[in-house]
Amino acid sequence: MLGRLVIRNWKLRADHPAVLFEGRTITHGALAERSFRLANALLGRGVRRGDQVAILAQNCPEYMEVFAAGELGGWATVTVNYRLAAPEVDYVLEDSQPKVLVLDPQFAGSVSPRARARLEQVLILGGDEGDEGYERLLASGEPLPPAVEPQPEDCAYVVYTSGTTGRPKGVMLSHRGELQAAQINALVSSIDPRDRCAVTMPLYHIGGKITLLSHSLHGCPIILHRAFRPEAFFESLRSLAVTKTLLAPTMLKDLMDACPCNPTTLPDLRKLLYSAAPMPETILRRGMEAFGPIFLQFYGMTESGGPGCALLPHQHVLDGPKKAVRRLRSAGQPAIGCEVRIVGPDGSECEIEQPGEILIRNPCLMMGYLNNDAATRETLRDGWLHTGDIGTVDEEGFVFVVDRLKDMIVSGGENIYSREVEDALMRHPAVAEAAVVGRADERWGESVFAFVTLASGKTASEEELGAHCRQVIAPYKRPRGFSFVDNLPRLPNGKIEKTKLRQRLAAISDSSEANKG
């Protein structure tokens with residue numbers, strides 16, 4: 001079903017650019033014909049509708065070919081995070097059981113002999129010799145659409161979660177769901193065929209994949225980056241007249257720190273989308289001052305197929321009524337085709353501004369978790385996705401994400417939401433980033449502990465930051481301990497990895513106890 005988009009662009013835009021990558025321009029005709037070859041060659045090797053084919057690579061045109069071949073042939077593409085360690089890669093491959101792995105040779109060391117033994121074939125990108133050569137296999141396939149018709153409810157992709165709690169889970173996404181997700185994304189972000197979209201988010205991530213798919217609806221050229229490097233990315237935005245891009249908040253900050261970002265240096269950029277993690281208000285304000293009113297936020301997750309809420313450019317208000325400015329900190333309103341509820345522990349609807357779990361319902365929800373029925377039943381209930389995020393909603397339906405359920409701190413019977421404390425800390429001019437976690441406390445049960453990175457050339461003491469917090473949040477919410485660090489650990493999607501911060505805190509606490517002894 002999704003493969004029809006490949007065929008449509010092949011028929012209607014064969015000579016138009018499909019992807020620009022490291023000095024190369026590949027047309028829709030060339031990209032489609034290579035994808036046809038790959039699909040037909042894999043069919044010839046015994047890969048069938050309903051199977052899995054995995055890819056472990058950085059962004060590259062071949063990644064797009066692997067996606068397209070699966071969309072045409074009816075098997076699911078399993079995207080493997082190239083940042084994973086070998087045991088983690090082994091787990092993903094064992095769980096998903098792909099017949100074939102397409103492998104970037106630089107990550108060959110991440111695939112153990114045991115994992116290789118379970119695969120029917122490993123295809124090495126760039127290889128044109130031997131049985132494992134990707135180009136050799138490609139050359140054996142016919143450059144015409146394969147004689148297969150995937151069905152709307154077939155699984156198109158298996159995208160693994162970041163694994164913040166326990167093992168990562170394989171999210172199964174259908175052809176029908178992801179086509180509708182792409183349509184929602186294209187409509188909300190006003191994509192048209194004249195757009196030129198720069199993609200630097202990794203393609204194993206839902207944000208990168210949906211960005212590709214939504215722009216393929218209109219045959220837009222994709223300026224693809226192997227990885228995010230601020231200076232090179234800025235230069236491509238400038239020299240290639242990019243009109244749209246998607247960034248995680250940490251990418252936006254790094255881009256502004258490294259490059260002269262403004263409407264004069266980037267006159268063609270008309271929409272800057274951000275997602276994957278909450279945007280600190282300080283960074284968002286700085287971004288709007290640099291780029292102008294071109295920001296659009298998407299809130300969703302892999303399990304929602306991508307869409308959930310959207311904060312549109314005109315809803316990004318820097319100055320004005322307090323209610324309007326406050327919404328800078330929101331995730332926006334439910335996107336077209338999406339419904340959002342806030343519910344309490346008993347499943348009842350929360351009142352306006354009352355915190356509860358965020359639930360999403362849309363036509364793009366995951367089919368479920370691969371090989372994990374128990375987790376599927378827990379997450380998908382009565383047609384609603386239980387996100388695990390805590391949020392509130394105001395009287396006009398703007399959703400505010402305040403924490404993850406597992407990250408909420410309970411101190412003296414009071415619920416403390418980490419994002420509120422982090423936002424308070426980041427209002428201090430010396431603070432670049434902050435992340436808070438709960439610390440065991442004999443009196444209060446838990447207290448707030450903050451990890452802080454300072455802005456370049458700035459200094460601040462624990463006492464100074466504590467006094468600052470007392471001025472902007474309730475006393476019981478302020479951090480009772482601090483650790484100043486050079487950087488915060490992050491997951492591949494840009495979110496702060498609080499599991500590692502809790503491990504650091506445990507080490508700090510153990511060291512303190514040892515010193516007392």
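If neighbour count is taken as other Cβ atoms inside 10 Å, put Arg327, Arg427 in order from fewest to most.
Arg427, Arg327
Go ahead and estimate [θ] at 222 nm for the chain from helices alone: -39,500 (n - 2.57) per DSSP H run with n ≥ 4, summed, over the residue count, rounded to 500. All intermediate terms of the calculation are to be shown ahead of the outcome.
Details: 16 runs with 170 residues, N = 517.
Only helices count here, giving -10000 deg cm²/dmol.
Suppose the chain between Thr459 and Lys323 were pulled fully straight at 0.36 nm per residue; how much longer would it get relative to their current alpha carbon spacing?
45.7 nm
Within straight cross-link reach of Lys169, meaning Cα distance under 24 Å, which lysines are found once same-chain residues fewer than 8 apart are removed?
Candidates past the 8-residue exclusion: Lys99, Lys209, Lys406, Lys495, Lys498, Lys500.
Compute the distance from the alpha-carbon center of segment 1-71 to that of segment 462-503, in whole Å.
If you average the Cα positions of each part, the centres end up 44 Å apart.
Along the charge dipole of segment 408-516, which of Ile496, Val421, Ala440 sits closest to the positive end, that is, farthest toward it, with unit charges on the beta carbon of Lys, Arg, Asp and Glu (+1, +1, -1, -1)?
Toward the positive end, the furthest listed residue is Ile496.
To the nearest 10 degrees, how steeply does helix 498-516 sit against the main Cα axis of the chain, on a 0 to 90 scale?
Between the helix axis and the principal axis of the chain, the angle is about 40 degrees.
Using every alpha carbon pair in segment 408-516, what percent of pairs falls into each 5 Å bin from 0 up to the bin containing the largest distance?
Per 5 Å bin, starting at 0, the Cα pair percentages come out as 2, 12, 23, 24, 21, 13, 4, 0.
With angles folded into 0 to 90 degrees, how steeply does helix 28-44 sit against the dominant principal axis of the chain? Use alpha carbons for both and round to 10.
Orientation of helix 28-44: about 80 degrees from the principal axis.
Per residue, how much space in cubic angstrom lies within the convex hull of the C-alpha atoms of segment 80-231?
Working: hull volume 25.4 nm³, N = 152.
Once divided by residue count, the hull of segment 80-231 is 167 Å³.
Please determine, in degrees from 0 to 90 and to the nearest 10, the orientation of helix 206-216 with respect to the longest principal axis defined by the Cα atoms of the chain, where the helix direction is its Cα long axis.
For 206-216 against the chain, the angle is about 50 degrees.
Tally Lys/Arg at +1 and Asp/Glu at -1 over every other residue whose Cβ is under 13 Å from the Cβ of Arg34; what's the total?
Computed value for this residue: -3.
Taking the Cα centre as origin and putting +1 on Lys and Arg beta-carbons and -1 on Asp and Glu beta-carbons, what dipole magnitude results for segment 184-343, to the nearest 20 debye?
With Lys and Arg at +1 and Asp and Glu at -1, about 280 debye.
Principal axes first, then extents: for the Cα atoms of segment 275-391, list largest minus smallest coordinate on each axis, whole Å, largest first.
So the three principal-axis extents are 47, 30, 23 Å.
Can you check what the Kirkwood hydrodynamic radius comes to for the chain, Cα pairs only, in Å to one decimal?
In the chain this quantity evaluates to 24.1 Å.
Laboratory data are not the source of any read-out in this text; all were calculated from the coordinates shown. What you see is a predicted model, and the numbers here were worked out from it, not measured in a lab. Here Cβ is always computed from backbone atoms with ideal geometry, including for glycine, and neighbour counts include all displayed protein chains.
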